[in-house]
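The values are calculated or read from the model by the stated rules, or taken from the named source; none is laboratory data. Everything quoted here is computed from the prediction, not taken from an experiment. No Cβ is skipped: glycine too gets one built from the backbone with ideal geometry, and neighbour counts run over all protein chains shown.
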Amino acid sequence: MSLSIDYLPTADLIPYALNSRTHTDTQVAQIAASIHEFGFTNPILIDEKATVIAGHGRLLAAQRLDLPEVPTILLSGLTQAQKKAYVIADNKLALNAGWDADLLTAELESLKEMDFDISITGFDDLPDLDDDVDYSLLDGEDMDVSDGVKKAIMVDFELEHYEEAYELFKWWRSQDAYVGYMILDHLRKERKKHEAN
């Protein structure tokens, strides 16, 4: 399939009504800052009716920047199922990637030495990506946990609570709080209440 970039009026693009990915004001501001710094380097993907398939955050940032037009790529011929799946996949597949903590820290430190505003990368400061964190799930009784190694578990939130939970986790981590223990302590107290009834 041959793809071409077409610049369309920002006002003509239609956000996908059932887009399950959310964008906070903070994130939209970060995307806008990135566009301002580097240009609009990642076109918005649309269907034949100018409905956004991928790039809702970029569209919001373009609106914030009052850009009269944005680069788009038309994905023609997709079935309705393919469109729905791509809207999800475009966001989720990126989340499945990880970081090489040493390389990331080195690159961000290098940018700081160059007096570059690293907040444009999405990181406000050097990340706390400890090598002593094991991100496997706590899913077995015979799990061998070495001393000094933090274990990570998945915590699920309903969509309407996700952004608030994310901001709360970020805030408590910025206060050097051990968030895992706070959750464990709360769940312990709730279990005692439940068992008492």
Regarding G57, is this residue outside the structural domain of Y162 (by TED's automatic domain parsing), at pLDDT below 95, of a type in the set (G, A, S) and assigned to a loop (DSSP other than H, G, I, E, B)? no
Being assigned to a helix (DSSP H, G or I), modelled with pLDDT of 80 or more and closer than 18 Å to R21 by Cα is true for just one of E164, E190. Which residue is that? E164
Of the numbered conditions (1) surrounded by 11 or more Cβ atoms within 10 Å (Cβ to Cβ); (2) assigned to a helix (DSSP H, G or I); (3) at pLDDT 80 or above, F116 satisfies every one except a single condition; which is it? (2)
Just to be sure I understand, how many residues within the stretch 94-113 are under 30 Å from A54 (Cα atoms) and surrounded by 10 or more Cβ atoms within 10 Å (Cβ to Cβ)? 8
With the structure loaded, tell me whether A62 is touching a strand residue (DSSP E or B) at 6+ places or on another chain (Cβ under 8 Å), surrounded by 14 or more Cβ atoms within 10 Å (Cβ to Cβ) and assigned to a helix (DSSP H, G or I) or whether it fails that test. yes
Quick check on the stretch 6-54: of everything there that is among the aromatic types (F, W, Y) and not in a loop (DSSP other than H, G, I, E, B), which residue is surrounded by the most Cβ atoms within 10 Å (Cβ to Cβ)? Y7
Being in a strand (DSSP E or B) and of a type outside the set (A, V, I, L, M, F, W, C) is the filter; apply it to the stretch 67-100 and report the residue that is farthest from D47 (Cα to Cα). E69
Residues satisfying the stated conditions in the stretch 78-111, i.e. out of contact with any Gly (no Cβ under 9 Å at 6 or more places or on another chain), touching a residue at least 12 places away in the same chain (Cβ under 8 Å) and either among the basic types (K, R) or within 17 Å of L3 (Cβ to Cβ) (or both): L78, K83, K84, Y86
